[in-house]
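**Q** Before I ask anything, here is the structure I am working with.
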Amino acid sequence: MWRFMRLKRKSRALFGRRGVPHGFTLLELLVALALLSVLATVLFLSVGASATQTRRMGERIEEQQRLRLVFQKMAADISGVFWDKDASHLYFQGARGSSSAGRSDRLEFTSVVFHWRKRGERADDLVSVAYSLSAGPKETGGSLVREERPLTTTPPGNYGGPVTVLNGVMEVSYSYLDKERRERDSWSTRSSEQTPELPAAVRVTLKFKRSGGERMVSAVFPLPLGIHSSEDSGTEGNTGAPGGS
């Protein structure tokens, strides 16, 4: 009997007088839901910020890779510039231009580049190389285009049309440094207003679209033939190439 009374008291204490289990009140449920929503919001924001940062980092790495490839190609072309004042078909010409978005310069020169033949043989060819800006919408920018044309007889199929090397370009400008490091906006070995000679280096500046705004990059590429062409200017020695930026 005594044991039955103890069990009955425990049952009332646990289930209440009517034998119904205690549950959560409406206020407790609302508080729990509010806490869960706050935790879910914080977790969502942290994951979203991490994903955005990862995406931006990937875009920057891809952008740096594209720029490195473009500058490597331009450096190879410019370092291979070939010119002789007694050969009329050889030239170096940089003209300043403009567009609705800003500077749109054009650079064209003869250069020695290598190609792979169909049989896997490497050959050095004398070609005409031109870099220009293809206009595009102001919101997205244009394209930096490289065009290569042969100056010598070569097997067919080695040369194509203009090739886009970088998209989203707003402006492209070139400046030319002589052996005394004086800078000019244009250069021509065919001009009668200046002594026909090559510049010592070319400064390339690109302004292009990127996520969240615009970016401007600049690099200096030396011309070995222009640096060492002291016999054309009547001077001796080597003044050295300007440093890059």
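The values are calculated or read from the model by the stated rules, or taken from the named source; none is laboratory data. Everything numeric in this text was worked out from a predicted model, so none of it was measured. Using ideal geometry, Cβ is built from the backbone for each residue, glycine included, and neighbour counts are taken over all protein chains shown.
**Q** Answer yes if at least one residue in the stretch 5-24 is modelled with pLDDT of 80 or more and among the aliphatic types (A, V, I, L, M), and no otherwise.
**A** Within the stretch 5-24, the subset modelled with pLDDT of 80 or more is none.
The answer is no, given that none of the residues of the stretch 5-24 is modelled with pLDDT of 80 or more and among the aliphatic types (A, V, I, L, M).
**Q** Please work out which one of (1) in a loop (DSSP other than H, G, I, E, B); (2) modelled with pLDDT under 80; (3) more than 24 Å from the chain's Cα centre (by Cα); (4) surrounded by 14 or more Cβ atoms within 10 Å (Cβ to Cβ) is the condition residue 232 fails and give its number.
**A** (1)
**Q** Tell me, yes or no, whether the stretch 45-64 has at least one residue that is over 29 Å from residue 169 (Cβ atoms), at pLDDT below 90 and not in a helix (DSSP H, G or I). First the steps, then the outcome.
**A** So the first thing to find is which residues in the stretch 45-64 are over 29 Å from residue 169 (Cβ atoms), and the list is 45-50.
Right, trim to at pLDDT below 90 and you get 45-50.
Adding the requirement that they be not in a helix (DSSP H, G or I) leaves none.
No, every residue in the stretch 45-64 fails to be over 29 Å from residue 169 (Cβ atoms), at pLDDT below 90 and not in a helix (DSSP H, G or I).
**Q** If you don't mind, there's one more thing I want to ask. Could you check the stretch 65-89 and list, in sequence order, the residues that are among the aliphatic types (A, V, I, L, M) and either assigned to a helix (DSSP H, G or I) or in contact (Cβ under 8 Å) with a residue 24 or more places away in the chain (or both)? Explain how you work it out, then say what you get.
**A** Keep residues of the stretch 65-89 that are among the aliphatic types (A, V, I, L, M), which gives 67, 69-70, 74-76, 78, 81, 87.
Scanning the stretch 65-89 gives 67, 69, 70, 74, 75, 76, 78, 81.
**Q** Out of the residues in the stretch 120-157 that are in contact with a Lys or Arg (Cβ under 8 Å, 6 or more places away or on another chain), assigned to a loop (DSSP other than H, G, I, E, B) and over 30 Å from residue 213 (Cα atoms), which is modelled with the highest pLDDT?
**A** Among those residues, the one meeting the criterion is 155.
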